[in-house]
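Visitor: Sending over a structure as structure tokens; questions will come in a sec.
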Amino acid sequence: MEFSLTPASLQEWPGAVLIVGIHEGDFETQLHPLESRFDAPLTKILEKQNFQAENGEITSFQLLQNSPLKLIVVGLGKLEDLSVNTFRNAAAKSAKESLGSEGPLGIFFPWKKLHSKDLINVVAEAIRLSLFKDLRFRSNPETKQPPKRIEFIGVDTNDFDNFKNISPICSGVELARELVGAPPNSLTPDAIAKEATKLSREFGLQLKVLSREECNRKGMGAYLAVAQGSDLDPKFIHLSYRSNGPIQRKVALVGKGLTFDSGGYNLKVGASQIELMKFDMGGSAAVIGAARAIAELRPQGVEVHFIVAACENMVNGSAVHPGDIVKASNGTTIEINNTDAEGRLTLADALVYASKLEPDSIIDLATLTGACVIALGDEIAGLWTDSDELSNELTKAAHKAGEGLWRMPLQNSYKEGLKSMLADIKNTGPRPGGSITAALFLREFVDQSISWAHIDIAGTVWSEKGSGVNPAGATGYGVRTLVNWIIREN
Ligand code: BES
Ligand code: MN
Ligand code: ZN
């Protein structure tokens, strides 16, 4: 998909599908160029259809000429309420509407009504991300191809540099969506390791993959306990990127990588959506997607470590018993009172490993708790950190990406709920505040001199119906927030 600015005006643009965004009020002025081009009373026609240009309202016309073949009019709501997000969502919606027609897609929005230097890139990103389709598992190729060329009409070239970040970032998001969307019989721990190997070769990243034996030697008893009930070998994956020249920031990104979560002997039953638990590696997908984007963008002054303790949570004769006590690689003993709280066990050893790299900060992303889905739904991830600075930075990065993120409390008194009669800690607290105790559990495994944040993406990893720039299914949540955070300017 290629993006460009076109000097052509609305009256003469020669492509196939034309998207025009209009705000509420004064249709006459806004539609004048189109009325004269098509010699048709568009304002009256829209009024007849009762089209008000409300935010997200959309209508389209199949035209009896070659250029354009189709006109899509999308509402942007009230002029005074215009925001970057309005443009993002309107672009996504109208791009989906454009599918099925061949030839260049043109888009005209009232660009000048909003002063944002990112606007054009946001819209380009929204178009590409909303048109993504996963066809890997179909035997018949799809007929509706996305447009190859997208042209921005009426953009002042002084307001805009270029589209250079779009492809690396969207490729990262798409990779994450493909990893999450792939079924658990195809995306195994070994398949994640192979993807990491591919990235390391293609983009020159450093790679280490630790086997079960190597993890055992490092004392990763929590992670290996989760893996022991599966016929598939665990893979501990460590990719890293280092820019040339002096390093100002060294960070580690850790992602939960459960390629399937059956719950273990605390088997997922009833409405627990066991059939969706292929998405339990969404944290690792975000981290690997971010690795792909960072490797291609090659930002200066940073060293970034990407860490995934990949495995499956299954049941067999060697699986963990509920009640087993294991020892993590920092020496902490853990009573596993619930085998379905497995993500935090794998993350415990991954966070200890990340801490030993002595980064300035560690961010972990995980589909960690159903409680977070209940609290925040599927458009907002939960953020836990003791650092106001990190919280502000990540909130800003997420906002810029259009990804929902909301800070939640690390209530110290709730640690009481993790007290074990026998071991140092148990892996599961009481049901109320379940995502808070999960975060408090993770904090035990991070070196206190490192600023750390945990992002629970249990809700945002998947969209049942699709929304905003996300088609139905895997969202690739987190890639853009992480990348924005790493390439931020301060
Ligand atoms: N992967 C799940 C969390 C999850 C649940 C993600 C639903 C997305 C949708 C996690 O491993 C899990 O099972 N968590 C348990 C923890 C509980 C046993 C303390 C949960 O949330 O029920
Ligand atoms: Mn679980
Ligand atoms: Zn899980």
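Visitor: Arranged by the count of other C-beta atoms within 10 angstrom, fewest first, what order do Ile374, Ile334, Ile58 take?
Guide: Ile374, Ile58, Ile334
Visitor: Another one. For segment 397-413, what does the Karplus curve 6.51 cos²θ - 1.76 cosθ + 1.60, with θ = phi - 60°, yield as ³J(HN,Hα) per residue in whole Hz, taken in order and with x for Gly and Pro?
Guide: 4, 5, 4, 4, 7, x, 9, x, 8, 9, 6, 10, x, 9, 6, 4, 5
Visitor: Is segment 105-228 rounded, prolate or oblate when judged by the Cα gyration tensor, a ≥ b ≥ c being the square roots of its eigenvalues, rounded requiring a/c under 1.5 and prolate requiring a/b larger than b/c?
Guide: Judged from the Cα gyration tensor, segment 105-228 comes out prolate (a/c at least 1.5, a/b above b/c).
Visitor: Continuing with this model, one more query. Relative to the first principal axis of the alpha-carbon coordinates of the chain, what is the inclination of helix 84-98, with its axis defined by its Cα atoms, in degrees from 0 to 90 and to the nearest 10?
Guide: Tilt relative to the chain: about 70 degrees.
Visitor: Right, here's the next one. Could you give me the ³J(HN,Hα) list for segment 278-290, computed from phi with Karplus coefficients 6.51, -1.76, 1.60 and θ = phi - 60°, whole Hz, x at Gly and Pro?
Guide: 5, 7, 6, 10, x, x, 5, 5, 5, 5, 6, x, 5
Visitor: While we're on this one: Distance from the Cα centre of segment 54-112 to that of segment 207-273, in angstrom?
Guide: Going from one Cα centre to the other spans 43 Å.
Visitor: Calculate for the chain the 222 nm mean residue ellipticity that helices alone would give, adding -39,500 (n - 2.57) per DSSP H run of length 4 or more and normalising by residue count, nearest 500 deg cm²/dmol. Could you put the intermediate results ahead of the total?
Guide: Working: 14 runs with 159 residues, N = 490.
The helix contribution divided over the chain gives -10000 deg cm²/dmol.
Visitor: I've got another one for you. Counting Lys and Arg as +1 and Asp and Glu as -1, what is the net charge of the other residues whose Cβ lies under 14 Å from the Cβ of Lys419?
Guide: -2
Visitor: If you don't mind, there's one more thing I want to ask. Given R₀ = 30 Å, FRET efficiency for Ile274-Lys198 by Cβ-Cβ distance, to 0.05?
Guide: Efficiency, rounded to the nearest 0.05: 0.50.
Visitor: Pull up the DSSP beta bridges for the chain and report the antiparallel fraction as a percent, rounded to 5.
Guide: In the chain, DSSP labels about 35 percent of beta bridges as antiparallel.
Visitor: Beyond 26 Å between alpha-carbons counts as too far, so tell me which of Lys148/Lys278; Lys133/Lys268; Lys93/Lys144; Lys96/Lys148; Lys268/Lys400; Lys93/Lys148 fall in that bin.
Guide: Numbers: Lys148/Lys278 31 Å; Lys133/Lys268 30 Å; Lys93/Lys144 16 Å; Lys96/Lys148 14 Å; Lys268/Lys400 36 Å; Lys93/Lys148 18 Å.
From Lys148/Lys278; Lys133/Lys268; Lys93/Lys144; Lys96/Lys148; Lys268/Lys400; Lys93/Lys148, over 26 Å: Lys148/Lys278; Lys133/Lys268; Lys268/Lys400.
Visitor: While we're here: Quick one: order Ser98, Ser240, Ser420 by neighbouring beta-carbon count within 10 Å, fewest to most.
Guide: Ser420, Ser240, Ser98
Visitor: What is the angle, in °, between the Cα long axis of helix 189-203 and the longest principal axis of the Cα atoms in the chain? Nearest 10 is fine, range 0 to 90.
Guide: Here the helix axis deviates by roughly 60 degrees.
Visitor: Identify the trypsin sites (Lys or Arg not before Pro) of segment 108-208 meeting these criteria: DSSP loop state and at most 12 other C-beta atoms within 10 Å of the C-beta.
Guide: Values: sites: Lys112, Lys113, Lys117, Arg128, Lys133, Arg136, Arg138, Lys144, Lys148, Arg149, Lys164, Arg177, Lys194, Lys198, Arg201, Lys208; in loops: Lys117, Lys133, Arg136, Arg138, Lys144, Lys148, Lys164.
Qualifying residues, ordered by number: Lys117, Arg136, Arg138, Lys144, Lys148, Lys164.
Visitor: How high is the relative contact order of the chain, in percent, counting Cα pairs under 8 Å that sit 6 or more residues apart?
Guide: With pairs under 8 Å counted, the relative contact order is 15 percent.
Visitor: I've got another one for you. Using a simple charge model, +1 on the beta-carbon of Lys and Arg, -1 on the beta-carbon of Asp and Glu, nothing else, what dipole does the chain show about its Cα centre, in debye to the nearest 20?
Guide: Computed about the Cα centre, the dipole is about 720 debye.
Visitor: Is the shape of segment 166-487 best called rounded, prolate or oblate, per the rule: a/c under 1.5 gives rounded, else a/b larger than b/c gives prolate, else oblate, with a ≥ b ≥ c the square roots of the Cα gyration tensor eigenvalues?
Guide: Rounded, because the longest to shortest axis ratio a/c is under 1.5.
Visitor: With a sphere of radius 12 Å drawn around the Cβ of Ala90, what net charge do the other residues whose Cβ falls strictly inside it have (Lys, Arg +1; Asp, Glu -1)?
Guide: 0
Visitor: Lys and Arg at +1, Asp and Glu at -1: add these up for the other residues within a Cβ distance under 13 Å of Arg128 and post the number.
Guide: For residues surrounding Arg128, the net value is +4.
Visitor: Which order do Val254, Val209 fall in if you start with the one that has the fewest other Cβ atoms within 10 Å?
Guide: Ordered by Cβ neighbours within 10 Å, fewest first: Val209, Val254.
Visitor: Would you mind putting 459-466, 257-264, 7-14 in packing order, based on average other-beta-carbon counts within 10 Å, highest first? Please report the intermediate quantities before stating the final value.
Guide: Working: 459-466: 19.5, 257-264: 26.0, 7-14: 13.9.
Highest mean packing first, the order is 257-264, 459-466, 7-14.
Visitor: Can you tell which of Ile455, Thr385, Ser186 lies farthest toward the positive end of the dipole of the chain, using +1 and -1 charges on the Cβ of basic and acidic side chains (Lys, Arg; Asp, Glu)?
Guide: Towards the positive end, the residue furthest out is Ser186.
Visitor: Skipping prolines and chain starts, which residues have an amide H placed within reach, meaning under 5 Å, of the one on Leu405, given they are 5 or more residues away or on another chain?
Guide: It is Ala381, by chain and number.
Visitor: Okay, next question. If I model a spin label as a point 7 Å beyond the Cα along the Cα-Cβ vector, how far apart are those points for Asn50 and Lys396 in nm?
Guide: Once both label points are built, they end up 4.6 nm from each other.
Rule-based calculations on the coordinates, nothing more; no lab input. For clarity, every value in this text was computed on a predicted model and none was experimentally measured. Note: ideal-geometry Cβ built from the backbone for every residue, glycine included; neighbour counts use all protein chains shown.
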